[in-house]
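Read through the structure below, which is laid out as structure tokens, and then see the notes.
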Amino acid sequence: MKALIIEKNSMNILLERFLEEYRVFGPTKPGSDSTFDEIKSIEQLHLDYISTVLPPKKFFLPPNETLFSFNIKNGKFTTKEIRPDEKILILGIHPCDVHALLKLDKFFSGDFNDLYYQNRRKNSAIIALNCVEPSEHSFCRSLGTGPFLNEGYDILLTDVGTNYLIEIGTSTGKRLVKGLNLTNASEEDFHEKERRLKLMEKKFKKSMNISWLPKIARENLDHDIWFDLGERGGVAGSFPCLSCGSCTFVCPTCYCYEVYDAVDLSLKSGTRNRELDSCQLLEYAEVALGGNFRRDRKDRIHHWMLCKFGAAAGGKNSSCVGCGRCIRVCPSKIDITEVAKALRRG
Amino acid sequence: MINAYLPNLAIIKKIIRETHNTNTYMLEFFDKQLQTSFSCTPGQFMMYSVFGAGESAISLSDINNNDITATIRNVGSVTNTILNMKEGDSIGIRGPYGTGWPLDKAKGKNVLIIAGGMGIAPLRGAITHIKNQRNNFGHLEIIYGARTPGDMIFKYEFEKWRQIKNSRLDLTADTIPANTPFECKAGLVTSCFPSMKTQHKNAIVLLCGPEIMMRYAAKCLETIGFKDDQIYLSLERRMKCGIGKCGHCQIGLKYVCKDGPVFNYTDIKPFIHPL
Ligand SMILES: Cc1cc2nc3c(=O)[nH]c(=O)nc-3n(C[C@H](O)[C@H](O)[C@H](O)COP(=O)(O)OP(=O)(O)OC[C@H]3O[C@@H](n4cnc5c(N)ncnc54)[C@H](O)[C@@H]3O)c2cc1C
Ligand code: FES
């Protein structure tokens, strides 16, 4: 299908079409920071955002969710599954965050399927938006996860001046723009997209080269860097890690969760739930009788960095997409790109 | 599609008291079809649900076709609730998960089994397997140590193990309180090594116990010629899902629940308890 264009101030046409079928979530700006929230009218939508505090991961792997409920009757238990079935549409998601979802898709399938995540993904539509202005912390370009997107979208928008260029990725995308009477895109629109990509690529201040890093980080468990990061003075002007876990909570590819039961007052029924957990917290690797397999901060920050460099889960699933959120929120000013550089220097 | 997080109801058919804080449970799925299609290998584990308390990973502590066997020590909320259950009570289980002991690789070899404390639980199935297919394996040597003789589990098996052809059983306890009517040496598991019969040639080692004990045992084995890749060990990590999703059991590049709990020593040596 041919690409289309829509005037920026006619975006309400698209939004209204989306709202017919989906609950729509997109970038809003309630204060000084942007955040993904439910969009019910066009005034709420702020597509010219740089980055959000939390990644849109929260719509697919919520910070807290119920897996099933249980009930005790005559000494026997019954369980009742809870399956998410709401149709949601994520509007204006940036390429790095789309790539994070593609990584999570792989992670939550495989030998065992996580039906909660998978159902949400299956019932969702992705309307991505190419980045034309990097944040001062992002480095997606060096990881191939941005600033422009080639996969993982139903519809892809690019800011080409007064219009958005609309490219269609799937049949869902096609269905969503059908009958909207939009103008076809011209060759100039694509030239403009190309020009903006070139311009954008020059604007990045940070970069990270992760080839060989998993091997370096794996084989050098006693590298000075881990002591510096965990206990001593930090790396490249940072302070030592505080183990606050902020990096993991804002990371679009961190998926670790804790499972817990909640029982109601009758003690006869309750729910099993999960909530996002962080490998930076002391309790994360704790076992019964006070054992802990990652008691030291240096081991925890090493574990996280190794995961983000792409080594965890056998090197297949998790890894960094270069959104820069962890750098932005770290109270100790730890910068993963600087750690990577220092490791590479040896 | 099956929801991998949903436990299945099982009935406790029989309970055997092992020590003051440990019981062995024979269970059966409530759903007969699940029970008949159930199959597992020694070294695998299951997730046990106590609704309201949570889930725990527990090894299959024996293998036979009729029921699911678990030996559980009371150390916290889930295990404490299980310890207070009676025959006929129901519990939620799912699994089996993880890799088992490399019994195919062990074929034709002399097998050295070293267990410390609860570490004998996942190994009993391997012993049963070797006993059942006695001609497929060489010499079998079992070294089992516990803190005190009173902490030893499966005491009723010792005589049967001694009678396995071409085998040797050595028992040891760290401390033996006065007047304990139990025959075993005093000392750590490694103190049994000087009288060990198994030599490194054509041998395979199956090792399970506290991580520090496994490190020392492996180190001692190295000094008498064993290579790291002859040693297999079963690891313990915090587990919340058992299916490679929650992240808790990660060790270096691996997930203990999915890539383990049984690992070749070469693969995980850098990541476990340092000596
Ligand atoms: C592969 C494997 C096999 C095991 N086999 C046995 C066995 O055969 N017999 C036996 O008695 N114990 C076994 N354990 C240990 C058993 O899982 C823990 O003792 C148990 O989870 C403690 O739970 P709790 O709720 O009683 O303790 P709490 O301290 O209240 O623990 C709370 C929760 O933390 C997690 N947790 C705590 N300790 C551990 C731990 N050591 N390993 C994994 N998760 C933990 C569990 O999810 C647990 O529900 C095994 C562990 C693993 C990883
Ligand atoms: S126990 Fe959850 S990933 Fe292994």
Return the residues of region B:47-63 that are farther than 15 Å from residue B:18 by Cβ, within 15 Å of the chain's Cα centre (by Cα) and either more than 9 Å from ligand 1 (Cβ to nearest atom) or acidic (Asp, Glu) (or both); say none if nothing qualifies. B:63
Would you mind telling me which numbered condition in (1) within 14 Å of chain A (Cβ to nearest Cβ); (2) open to solvent by less than 50 Å² (accessible area, probe 1.4 Å); (3) more than 12 Å from ligand 1 (Cβ to nearest atom) residue B:76 fails? (3)
Exactly one condition in (1) at negative phi; (2) within 14 Å of another protein chain (Cβ to nearest Cβ); (3) within 11 Å of ligand 1 (Cβ to nearest atom); (4) in contact with a helix residue (DSSP H, G or I) (Cβ under 9 Å, 6 or more places away or on another chain) is false for residue B:257; which is it? (4)
From the list A:89, A:47, A:67, A:101, exactly one residue is in a helix (DSSP H, G or I) and open to solvent by less than 50 Å² (accessible area, probe 1.4 Å). Which is it? A:101
Can you report the number of residues in region B:1-34 which are surrounded by 19 or more Cβ atoms within 10 Å (Cβ to Cβ) and assigned to a loop (DSSP other than H, G, I, E, B)? 2
Residues being open to solvent by less than 20 Å² (accessible area, probe 1.4 Å) and assigned to a loop (DSSP other than H, G, I, E, B): count how many of those fall in region B:143-186. 4
Condition met for residue A:128 (of a type in the set (A, V, I, L, M) and in contact with a Lys or Arg (Cβ under 7 Å, 6 or more places away or on another chain)): no
When you go through B:52, B:117 one by one, which is the residue that is at pLDDT below 95 and not assigned by TED's automatic domain parsing to the domain that holds residue B:203? B:52
Residue ID - farthest from the other protein chains (Cβ to nearest Cβ), chosen from residues in region A:83-140 that are small (Gly, Ala, Ser) and closer than 21 Å to residue A:53 by Cα: A:92
Among (1) of a type in the set (S, T, N, Q); (2) within 26 Å of residue B:132 (Cβ to Cβ); (3) touching a strand residue (DSSP E or B) at 6+ places or on another chain (Cβ under 6 Å), where does residue B:56 come up short? (2)
What number of residues in region B:219-275 are touching a residue at least 24 places away in the same chain (Cβ under 8 Å), within 16 Å of ligand 2 (Cβ to nearest atom) and open to solvent by 30 Å² or more (accessible area, probe 1.4 Å)? 4
Every residue in region B:240-253 that is over 22 Å from residue A:62 (Cβ atoms) and either part of a loop (DSSP other than H, G, I, E, B) or near ligand 1 (Cβ under 8 Å from one of its atoms) (or both), please. B:249, B:252, B:253
Output the number of the condition that residue A:232 fails; it satisfies all remaining conditions of (1) in contact (Cβ under 8 Å) with a residue 24 or more places away in the chain; (2) more than 12 Å from chain B (Cβ to nearest Cβ); (3) open to solvent by 70 Å² or more (accessible area, probe 1.4 Å). (1)
I'd like to know if region A:323-331 contains one or more residues that are within 16 Å of ligand 1 (Cβ to nearest atom), open to solvent by 20 Å² or more (accessible area, probe 1.4 Å) and among the basic types (Lys, Arg). no
Return the pair list, or none, for Cβ contacts closer than 7 Å from residues in region B:100-112 that are touching a residue at least 40 places away in the same chain (Cβ under 8 Å) and within 12 Å of residue B:202 (Cβ to Cβ) to residues that are open to solvent by less than 40 Å² (accessible area, probe 1.4 Å) and among the aromatic types (Phe, Trp, Tyr), at least 6 apart or on different chains. B:106/B:137; B:109/B:137; B:111/B:137
Near pairs, Cβ below 6 angstrom, 6+ apart or cross-chain, from region A:257-273 (more than 9 Å from chain B (Cβ to nearest Cβ)) to any residue that is within 12 Å of ligand 1 (Cβ to nearest atom): A:273/A:260
Got at least one residue in region B:78-88 being within 16 Å of ligand 2 (Cβ to nearest atom) and under 26 Å from residue B:211 (Cα atoms)? yes
Note: among A:158, A:172, just one is polar (S, T, N, Q), in contact with a strand residue (DSSP E or B) (Cβ under 9 Å, 6 or more places away or on another chain), within 17 Å of residue A:145 (Cα to Cα) and modelled with pLDDT of 95 or more, namely A:158
Residue check: is residue B:103 more than 10 Å from ligand 1 (Cβ to nearest atom) and touching a strand residue (DSSP E or B) at 6+ places or on another chain (Cβ under 8 Å)? no
Hey, can you tell me all the residues within region B:1-33 that are more than 17 Å from residue A:75 (Cα to Cα) and within 14 Å of chain A (Cβ to nearest Cβ)? B:1, B:2, B:3, B:4, B:5, B:6, B:21, B:22
Filter region A:113-122 for residues that are over 15 Å from the mean Cα position of the chain (by Cα) and buried (at least 19 other Cβ atoms within 10 Å of the Cβ); the one that is farthest from residue B:259 (Cα to Cα) is A:116
Condition first: among the aliphatic types (A, V, I, L, M) and modelled with pLDDT under 85. Now tell me which residues in region A:289-307 satisfy that. A:289
Among the listed residues B:82, B:91, which satisfies the condition of being among the aliphatic types (A, V, I, L, M), over 20 Å from residue B:19 (Cβ atoms) and either within 12 Å of ligand 1 (Cβ to nearest atom) or not assigned by TED's automatic domain parsing to the domain that holds residue B:243 (or both)? B:91
Which residue out of B:39, B:49 is buried (at least 20 other Cβ atoms within 10 Å of the Cβ) and either in contact with a strand residue (DSSP E or B) (Cβ under 9 Å, 6 or more places away or on another chain) or under 21 Å from residue B:132 (Cα atoms) (or both)? B:49
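Matching residues to (1) closer than 28 Å to residue B:222 by Cβ; (2) in contact with a Cys (Cβ under 8 Å, 6 or more places away or on another chain); (3) part of a helix (DSSP H, G or I):
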residue	(1), (2), (3)
B:92	no, no, no
B:118	yes, no, yes
B:124	yes, no, yes
B:141	yes, no, no
Picking from B:211, B:222, the residue that is farther than 25 Å from residue A:273 by Cα, within 16 Å of ligand 1 (Cβ to nearest atom) and acidic (Asp, Glu) would be B:211
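The values are calculated or read from the model by the stated rules, or taken from the named source; none is laboratory data. All values reported here derive from a predicted model rather than from experimental measurement. Neighbour counts run over all protein chains shown; Cβ positions are idealised from the backbone, glycine included. Each accessible area value is taken on the protein alone, full model and side chains, heavy atoms only, with ligands, DNA and RNA left out. Shrake-Rupley method; radii C 1.70, N 1.55, O 1.52, S 1.80 Å.
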